[in-house]
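The values are calculated or read from the model by the stated rules, or taken from the named source; none is laboratory data. Treat the numbers as computed from the prediction; the structure is a model and nothing was measured. Please note: Cβ atoms are built from the backbone with ideal geometry, for glycine as well, and neighbour counts cover all protein chains shown. Heavy atoms of the whole protein, side chains included, go into the accessibility calculation; ligands, DNA and RNA do not. Shrake-Rupley method; radii C 1.70, N 1.55, O 1.52, S 1.80 Å.
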Amino acid sequence: MAGAVSVIAAMPAAGQVPPSPAEVAAYRGLHRAAWQGSVAGIATALRAGAAVDGRDGRGRTALHVATHAARHDAIRALVAAGARLDLLDDDRYDAVIIAAVADDEATLALLLALGAPAGLTTSRYDGTALIAAAHLGHDGVVRRLIAAGAPVDHVNNLHWTALIEAVVLGDGGPRHIRTVEALLAAGADRTRTDRAGRTPLALARARGFDAIAQRLADDRSR
């Protein structure tokens, strides 16, 4: 199992590919303005006929690009101009999961405030932003997504929930402990199992994550 986990651990976040220097250099018009955070440039590009949801070579919209660059004014301007908040890039990632994986709470909070959905099914794993954030131990992001209504017990195509990913792909450290606590406080189902029938508690014990196992066991006793 350890070998498989080590490979998979690197993969869910791997799709969060920001524009490369070469791509940025090639950007013109709306995408360039979004990357630079230029509200005036966005307005100019749209007046010139740019499609607000037009895509680059990896399927990123200007909103995706602005999210990667954490350009808040650009995000606001694009949404005001009609940019959709629920579109996926070619790797099946939306703006919310881009911010979640980047551990960018400020940009995530802005997207959610503007109406971005917290619980889209994304990625080749049919996961969610909450699962990705739990995997990475982004506890503040996890709490924000839960508060925004993200589905706590969504099961991806690896047969893992956010709670399972926080254990099986986590490091057992303080941020993953806080992630598990947040998920349990939100009512995450600790009885759901992976494909081998292992609960989060069994997985935590197998990995030697004593603090997480204790929290799962304490929750079980209530």
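Of note:
- Its Cα centre serving as origin, segment 92-189 has a Cβ charge dipole (Lys and Arg +1, Asp and Glu -1) of approximately 100 debye.
- Assigned charges on the beta-carbon of Lys, Arg, Asp, Glu; the chain dipole about Cα centre (debye): 60 debye
- Euclidean distance of C-alpha centroids, segment 101-122 and segment 194-217, integer Å: 29 Å
- Dimensions in Å of the chain - Rg and Dmax from alpha carbons: 18.7, 63
- Projected area, mean over directions - segment 116-222, Cα convex hull, nm²: 5.9 nm²
- Calculated P(r) tail over 22 Å for segment 11-86, as whole % of Cα pairs: 15 percent
- As a fraction of the 1.4 Å probe accessible area of the chain, surface on carbon and sulfur atoms comes out at 52 percent.
- Positive-pole candidate from HIS68, LEU183, ALA150, dipole of segment 67-222, charges at beta carbon: LEU183
- Highest average packing first - 107-113, 30-36, Cβ atoms within 10 Å: 30-36, 107-113
- Excluding ligands, DNA and RNA, the accessible surface per residue across segment 136-222 is 45 Å² with a 1.4 Å probe.
- Overall, the ratio between the Cα radius of gyration of segment 61-147 and 2.2 N^0.38 Å, rounded to two decimals, is 0.97.
- Leading residue at positive end of dipole, segment 93-222 (Cβ point charges), from ALA113, ALA99, LEU136: LEU136
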